[in-house]
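The values are calculated or read from the model by the stated rules, or taken from the named source; none is laboratory data. Given the structure is predicted, the values throughout are model-derived calculations rather than measurements. When we count neighbours, we look across all protein chains shown, and the Cβ atoms used for this are built from the backbone with ideal geometry, even at glycine. Side chains included, ligands, DNA and RNA excluded: accessible areas come from the protein's heavy atoms. Shrake-Rupley method; radii C 1.70, N 1.55, O 1.52, S 1.80 Å.
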Amino acid sequence: MRTIKLGTSGLDVPVIAVGCMRINSLEKKEAERFVQASLDQGANFFDHADIYGGGACEEIFADAIHMNDRVRENIILQSKCGIRPAKGMFDFSKEHILASVDGILSRLRTDYLDILLLHRPDTLVEPEEVAEAFDQLASSGKVRHFGVSNQHPMQIQLLQKYVKQPLVANQLQLSITNATMISNGFNVNMANESAVNRDGGILDFCRLHDITIQPWSPFQYGFFEGVFLGNDKFPELNEVIDEIAAKYEVSATTIAMSWLLRHPARMQPVTGTTNVERLTDCIKASHVELTREEWYSIFRAAGNVLP
């Protein structure tokens, strides 16, 4: 598995992160097979969140990987906190961050997280409280690196004004069909829909500040409306992807993931599958580099019009 540096953390991480949001849908033996297949292929970066399965996904993962000190030394664990669905709110308070991390560590059966991300932005955030929480987590050794998810540049800068630790990752929705952060850059100073800046220039901001973008839902269109691969709603896109897949003798899944990896921002896409074969196809993308022409042909086939 090819690796990249995660932001300014110094961590060498696989270019593909294994998302564990749906691992609670697997039986025990299936979960063990899924985790072992990831490890066998060098995909040892596992992405979690305290809300996945109401916490059950972290517990199931710990069981599936047979967590112990030796295992822990050879994997990279990331989790997220801040969403409180039972309360119908987001919560970046010091009290909630600290309590969330303790719960995450208990469920994962580990003493520390490699990376903690703050999940969707809390508009009532007091950045001074976040800084206090991060200092306490860092000094206690419970969290080694920090980041955010779904945040735009000004939100990140506000946090970074108070937080001592660098924010090394930003997990954002991005796929071939959900690529407004890319299409916006083609339409500067234009009076069309694609020129609307919806994210504050987050793509260039993350590149400028060495923050690794972690695309989530890399095969989804809309907001969890479905996958675009093999979907009759995207005939031209699938035709182009299938042609390129045939050229490289890989699956359409591999090409769709390769499209993200081809971007020079050095992104780390997060998989969402629990199917071992599809996971393998995702991982193969780390060894396929699309040409500039192929990247643009896929972009246009998704309905994006170049000015």
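List of remarks:
- Within segment 155-197, the set of residues being within 21 Å of TYR221 (Cβ to Cβ), open to solvent by 50 Å² or more (accessible area, probe 1.4 Å) and within 19 Å of the chain's Cα centre (by Cα) comprises THR180 only.
- Pair list, Cβ < 8 Å and 6+ apart or interchain, from segment 257-286 residues that are within 24 Å of ILE23 (Cα to Cα) to residues that are among the acidic types (Asp, Glu) and part of a helix (DSSP H, G or I): MET257/ASP281; THR274/GLU30
- Checking ASP69, ASP135 one by one, the residue that is among the acidic types (Asp, Glu), free of Cβ contacts under 8 Å to residues at least 40 places away in the same chain, farther than 20 Å from GLY7 by Cβ and surrounded by fewer than 16 Cβ atoms within 10 Å (Cβ to Cβ) is ASP69 and no other.
Residues checked against (1) at pLDDT 95 or above; (2) open to solvent by 70 Å² or more (accessible area, probe 1.4 Å); (3) part of a loop (DSSP other than H, G, I, E, B):
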| position | (1), (2), (3) |
| --- | --- |
| PRO215 | yes, no, no |
| PHE223 | no, yes, yes |
| GLU243 | yes, yes, no |
| VAL250 | yes, no, yes |
| ARG266 | yes, yes, yes |
| ARG278 | yes, yes, no |
| GLU294 | yes, no, no |
| ILE298 | yes, no, no |
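- Taken as a whole, segment 3-25 holds no residue that is at positive phi, open to solvent by 10 Å² or more (accessible area, probe 1.4 Å), touching a helix residue (DSSP H, G or I) at 6+ places or on another chain (Cβ under 7 Å) and touching a residue at least 12 places away in the same chain (Cβ under 8 Å).
- Taken over segment 165-180, residues that are of a type in the set (A, V, I, L, M, F, W, C) and part of a loop (DSSP other than H, G, I, E, B) amount to 3.
- Hits in segment 1-43 (condition: charged (D, E, K, R) and closer than 21 Å to ILE115 by Cβ): ARG2, LYS5, ASP12, ARG22
- Any hit, segment 107-127, residues being open to solvent by less than 30 Å² (accessible area, probe 1.4 Å), in a helix (DSSP H, G or I) and aliphatic (A, V, I, L, M): yes
- Selection status of ASN150, among the polar types (S, T, N, Q) and either buried (at least 18 other Cβ atoms within 10 Å of the Cβ) or touching a residue at least 40 places away in the same chain (Cβ under 8 Å) (or both): yes
- Hits in segment 198-209 (condition: assigned to a loop (DSSP other than H, G, I, E, B), in contact with a Gly (Cβ under 9 Å, 6 or more places away or on another chain) and open to solvent by 90 Å² or more (accessible area, probe 1.4 Å)): HIS209
- Verdict on ILE97 being more than 22 Å from GLN157 (Cα to Cα), open to solvent by less than 70 Å² (accessible area, probe 1.4 Å) and assigned to a helix (DSSP H, G or I): no
- Of the helices (runs of 4 or more DSSP H) lying entirely inside segment 5-74, those containing at least 3 residues that are hydrophobic (A, V, I, L, M, F, W, C) are 28-40, 56-64.
- Residue identified as of a type in the set (Gly, Ala, Ser) and more than 15 Å from the chain's Cα centre (by Cα) among ALA43, ALA17, ALA49, ALA56: ALA56
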